[in-house]
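What follows is a short report on a single structure.
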Amino acid sequence: MDLQFLGTSSGVPTKARNVSATAVIEASGRHWYLVDCGEGTQHQLLRTSLSVRDLRGIFITHVHGDHCFGLPGLLASAGMSGRTEPLDLILPAALHDWVRLSLESSASYLPFELRLLSVEGLQHWHSEQVQVSTVQLSHRVPSVGFVFSELNPEPRLDIARLEAEGIPRGPLWGELAKGISVEHAGRALDARVYLKASRPPRRVIVCGDNDNPALLAEVAQGADVLVHEATFTQPIVERSGNAFGHSTAAAVAQFAQTAGVRNLVLTHFSARYQGDSRRSPSIDDVREEAQAHYSGHLTLAQDLQRYHVGRDGVLECVSG
């Protein structure tokens, strides 16, 4: 799977960073999933190769506007782009009526079925390639993280099983390899049964706002990538006396080190952190604070950057 960041600022956008939105992209490079949809997300998409026609699902972590105010515009644009495939929108139940009213009151016609699902009742959601589950986080309002796990990645024929069941080599194997179910000796053969993963599935966690990283202790075990907010640095919180339901870079880094997280991606930075290291506070302060507590592979997300988990397990930048 790849990750592409469409918004990495918290609360309000800056000239360099839009508000929260993250694309999780299937290994095929085509179908993708959107976690959060801050205002302006559809504009950010125009600067990528991602198409709303290939969007498989939208997942909203919590009700705050910097994570959802871009939904009506994105949905309307998806309709005008010619999308016809149904779209699942998984979001807090409190936002369902708001989405419906936004579309109805603006006379926005969607030529596709929009299926509103409550994140509160989500056990597992899946497409053909990915399964998604949730982990409860701690914020000023209910907030979740979404755990994306690949299903049967890069499937190959289970030759041992085929031979054990006496299914002859030839066209039947060719059809099964393409995922096409066939019939042999009067018996239906489900292609899914005869395909097995050729590599371990990748697992990526994309979190909503959270002031208690330890809540991720169970799901973080064995995850390839953890994407977590680092809205502030510790000195800022100490001066203000309030983290407002957010994490510091130090707190996230300490957790990631203890949990053995190999790839940690920080995002959702306060607008006060300047891109210019000569100005204070700067984004370099966030990096330095995290590096003081974490020895794994650290990334500070930037808008429009796309990353891929390499064969060596390291998250590497591939564009942006």
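The values are calculated or read from the model by the stated rules, or taken from the named source; none is laboratory data. Here the structure is a predicted model, which means the values were calculated and not measured. Virtual Cβ from ideal backbone geometry, glycine too; neighbours counted across all protein chains shown.
The residue that is farthest from the chain's Cα centre (by Cα), counting only those in segment 100-115 that are outside any loop (DSSP other than H, G, I, E, B) and surrounded by fewer than 16 Cβ atoms within 10 Å (Cβ to Cβ), is 105.
How many of the residues in segment 221-241 are buried (at least 24 other Cβ atoms within 10 Å of the Cβ) and either free of Cβ contacts under 8 Å to residues at least 12 places away in the same chain or under 19 Å from the mean Cα position of the chain (by Cα) (or both)? Residues flagged as buried (at least 24 other Cβ atoms within 10 Å of the Cβ) and either free of Cβ contacts under 8 Å to residues at least 12 places away in the same chain or under 19 Å from the mean Cα position of the chain (by Cα) (or both) within segment 221-241 amount to 7. The set of residues in segment 260-278 that are more than 18 Å from residue 38 (Cβ to Cβ) and buried (at least 21 other Cβ atoms within 10 Å of the Cβ) comprises 261, 263, 264. Screening residue 79 with (1) of a type outside the set (D, E, K, R); (2) under 28 Å from residue 245 (Cβ atoms); (3) not in a loop (DSSP other than H, G, I, E, B) gives one miss only, at (2). Scan segment 91-98 and give yes if some residue there is touching a residue at least 40 places away in the same chain (Cβ under 8 Å) and in the same structural domain as residue 17 (by TED's automatic domain parsing), otherwise no. Within segment 91-98, one or more residues are touching a residue at least 40 places away in the same chain (Cβ under 8 Å) and in the same structural domain as residue 17 (by TED's automatic domain parsing). Checked against the criterion of being of a type in the set (Phe, Trp, Tyr), surrounded by fewer than 17 Cβ atoms within 10 Å (Cβ to Cβ) and either free of Cβ contacts under 8 Å to residues at least 12 places away in the same chain or in the same structural domain as residue 28 (by TED's automatic domain parsing) (or both), the candidates 244, 255 yield just one match: 244.
Taking the stated definitions as given, is residue 202 within 19 Å of residue 147 (Cα to Cα) and surrounded by fewer than 23 Cβ atoms within 10 Å (Cβ to Cβ)? Yes: the conditions hold for residue 202. Tell me the residue from 277, 295 that is under 23 Å from residue 221 (Cβ atoms) and part of a loop (DSSP other than H, G, I, E, B), please. Matching residue, one of 277, 295: 295.
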